[in-house]
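Presented below is the structure to which this report refers.
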Amino acid sequence: MKITKICCIGAGYVGGPTMAVIAQKCPHIQVTVVDLNTERIAAWNDENTDNIPIYEPGLDKIVAEARGRNLFFSTEVDKAIDEAEIIFISVNTPTKTYGKGKGQAADLKYIELCARQIARVAKHDKIVVEKSTLPVRTAEAIKSILDNTGNGVQFQILSNPEFLAEGTAVEDLLSPDRILIGGNTTEEGQKAIQALVDVYSNWVSPEKILTTNVWSSELSKLTANAFLAQRISSINAMSELCEKTGADVNEVARAIGMDSRIGPKFLKASVGFGGSCFQKDILNLVYIAKSYGLNEVADYWEQVIIMNDYQKLRFSNNIVKTLYNTVADKKIAFLGWAFKKDTNDTRESAAIYVADELINEQAKIAVYDPKVSERKVLADLDYLETRTAEKNAKNVTSFNNAYDACEGAHAIAILTEWDEFADYDWQKIYDGMQKPAFIFDGRNILNKGKLEKIGFVYQAIGS
Ligand code: NAD
Ligand code: UGA
């Protein structure tokens, strides 16, 4: 089957960058990304590519190259579905906040709405691709909705999970470790797999394109995120033991990472992992395991989340304890709010939870993040519903630069590993602070020797 038109439902952190790269690499394919969110689509269409809704290094250039040529952003969902031979579903699949499975299961209402919309609109045979991260066996539900329309349209459902990480999305999409495509073992299923393989083959070498059955593909995505997050919780667990014993977690990570069976990546101790997916996907895995009665499997993975919550709490508790057991009315400067560097995404960022704990202790939080606005910081805190929006606004202020945020502060907490933090004039920052001037480095990015020489009381994670 020759593919000429692709539609992607969901213009978010995955749909936007993924489709921009497909469009750049496949100029012969028309790629239309649709979303219900008119503001988001307008931002994707902004003449100035600095204003596209997602900050990812290199993305603006790719959008500038392909947009209007064969890459389009639109709110006309029906039209794009109707025209396309392949439809990617890339909508959000958050943790359920209500009903059965509340707090654990993935909320599939947006997925089901997409399936119903495709079923209603489609007049020609289509390949429907699960790009969103989904519980294993979701393709079964999608198929049931699509096959019961009675209009004779044939659908093939593929699972093609996305493995990009934010902050390096463009790099990851241009040179992926692998592309995973799961499909049906029937002849029609294999043809659909081949059609999608052909799209990726425009820039990914064949040995990196892996094809499996649908269920393996769906479950591999949850498994990959669970394994990655588990490494972080493992090293974070060791970080506390390092603090008690005089070992240094950076040295331990280096020593174990040189074992080729362990490997060096994802061993950075931190204030705790954030992001929209690790927690959501592990909770989902826990829910699925429990639903099959696999309680030991569920408990094993749940511990990764328990450890991560503990690491965030341990960080805020340590700030309070070190500041003589009270932070009431003290100014604590937060450097970083995003869940990692090089992104404007703040979903599940450790900063939110650390701030929430400190506000409970009546601290005044002064935030500086190069890519996050005050509106977003406050919205993140309000979302927790710990206190009123007025109280949050009274306790939290954002600044346009780090020097102003740190002026008069009792302590600085590093929450995101933005590169610029290491290059600041730390003497100048020290001079403007209350003494003793404390730094709590939740990312282990600053130079302890240099800071202590200036006069700071410096504390890192795991040493
Ligand atoms: P997102 O919230 O940034 O984007 C989802 C978009 O879908 C939103 O703009 C929303 O308006 C739109 N949408 C929802 N329902 C719709 C509908 N019925 N019709 C049209 N548009 C609709 O989410 P995201 O971060 O892009 O994640 C999407 C999926 O990809 C999730 O399942 C996530 O787990 C997975 N994933 C995310 C990442 C990541 O780095 N963010 C990486 C890999 C996989
Ligand atoms: C993660 C995975 O890395 C992607 O492969 C996956 O596609 C994506 O989730 C997803 O499914 O959404 P992402 O969350 O964007 O990507 O970013 P990561 O680089 O994995 O970082 C996640 C969190 O872990 C961040 O808060 C980061 O600071 C933290 N982290 C990461 C550590 O604390 N230590 C490390 O060694 C690595």
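The values are calculated or read from the model by the stated rules, or taken from the named source; none is laboratory data. None of these values were measured; they are calculated from a predicted model. Because the Cβ atoms are built from the backbone with ideal geometry, glycine has one as well, and the counts that use them run over all protein chains shown. Areas reflect the complete protein model, heavy atoms only, side chains present, ligands, DNA and RNA absent. Shrake-Rupley method; radii C 1.70, N 1.55, O 1.52, S 1.80 Å.
In the assembled protein chains, Asp419 presents an accessible area of approximately 90 Å² (probe radius 1.4 Å).
When a/c reaches 1.5 or more, the comparison of a/b and b/c decides; with that in mind, is the stretch 263-375 rounded, prolate or oblate per its Cα gyration tensor? Here the stretch 263-375 falls in the prolate category. Expressed as a whole percent, the accessible area of the stretch 5-204 that falls on carbon and sulfur atoms is 47 (1.4 Å probe). Sorted into 20 angstrom bins from 0, the C-alpha pair distances of the chain split as 23, 52, 23, 2 percent. Any chance you could run the full-extension gain for Asn447 through Lys244? It's 0.36 nm times the residue separation minus the Cα-Cα distance, nm to one decimal. Additional length available on full extension: 71.0 nm. The mean accessible area for residues of the stretch 278-460, using a 1.4 Å probe and ignoring ligands and nucleic acids, is 45 Å² per residue. Across the stretch 278-460, the volume of the C-alpha convex hull divided among the residues equals 119 Å³ per residue. Want the number for Lys265 to Ala237: 0.36 nm per residue separation, take away the alpha-carbon distance, what's left? 8.4 nm is the gain from fully extending Lys265 to Ala237. Taking each of Lys331/Lys376; Lys221/Lys341; Lys123/Lys221; Lys330/Lys376 in turn, the alpha-carbon distance tops 25 angstrom for Lys123/Lys221.
Legend: residues Thr18, Thr245, sorted from most to least accessible area (1.4 Å probe; ligands, DNA and RNA excluded), read Thr245, Thr18. Only protein heavy atoms count here; on that basis, with a 1.4 Å probe, Ser260 has an accessible area of about 110 Å².
In the stretch 1-49, the alpha-carbon atoms span a convex hull of 82 Å³ per residue.
Figure note: Glu407, Glu112, Glu47 ranked by solvent-accessible area, largest first, 1.4 Å probe, ligands and nucleic acids not counted: Glu47, Glu407, Glu112. Counting only protein heavy atoms and a probe of 1.4 Å, the accessible surface of the stretch 216-271 is 60% carbon and sulfur.
Working from label points 7 Å from Cα in the Cα-to-Cβ sense, the Asp125 to Ala224 distance is 2.9 nm. Of the residues Thr75, Ile89, Ala115, the one whose Cα sits farthest towards the positive end of the charge dipole of the stretch 1-160 is Ala115 (charges of +1 on Lys and Arg Cβ, -1 on Asp and Glu Cβ, taken about the Cα centre).
Annotation: lysines with alpha-carbon distance below 17 angstrom to Lys96 (same-chain offsets under eight excluded): Lys109, Lys280, Lys290.
Going by accessible surface with a 1.4 Å probe and the largest first, Tyr292, Tyr430 read Tyr292, Tyr430. When only alpha carbons are used to place a centre, the stretch 394-457 and the stretch 321-390 end up 15 Å from one another. Which of the three applies to the stretch 5-204, rounded, prolate or oblate, going by the alpha-carbon gyration tensor with a ≥ b ≥ c and a/c under 1.5 meaning rounded? Rounded is the answer for the stretch 5-204, as its axis ratio a/c remains below 1.5. Compared with the dominant principal axis of the Cα atoms in the chain, helix 350-360 is inclined by about 50°. Segment Gln362..Glu296, full-extension length gain: 19.7 nm, with 0.36 nm per residue of separation and the alpha-carbon distance subtracted. In the stretch 1-153, what percentage of the DSSP-assigned beta bridges are antiparallel, given to the nearest 5? Within the stretch 1-153, antiparallel bridges account for around 5 percent of the total. Less than 5 angstrom separates the built amide H of Tyr458 from those of Ile439, all sequence-distant by 5 or more or on a different chain. Under the convention that each Lys and Arg Cβ holds +1 and each Asp and Glu Cβ holds -1, the size of the dipole of the stretch 278-460 around its Cα centre is about 400 debye.
Calculated on the alpha-carbon coordinates, the convex hull of the stretch 148-261 measures out at 163 cubic angstrom per residue.
Take the alpha carbon atoms of the stretch 7-74, find their center, do the same for the stretch 131-152, and report the distance between the two centers in whole angstrom. Between the Cα centre of the stretch 7-74 and that of the stretch 131-152, the gap is 26 Å.
Label reach from Glu251 (point 7 Å along Cα→C-beta): in the stretch 262-283, amide nitrogens under 20 Å belong to 264, 267-270. Taking Cα centre as origin and charging only the Cβ of basic (Lys, Arg, +1) and acidic (Asp, Glu, -1) residues, the dipole magnitude of the chain rounds to 520 debye.
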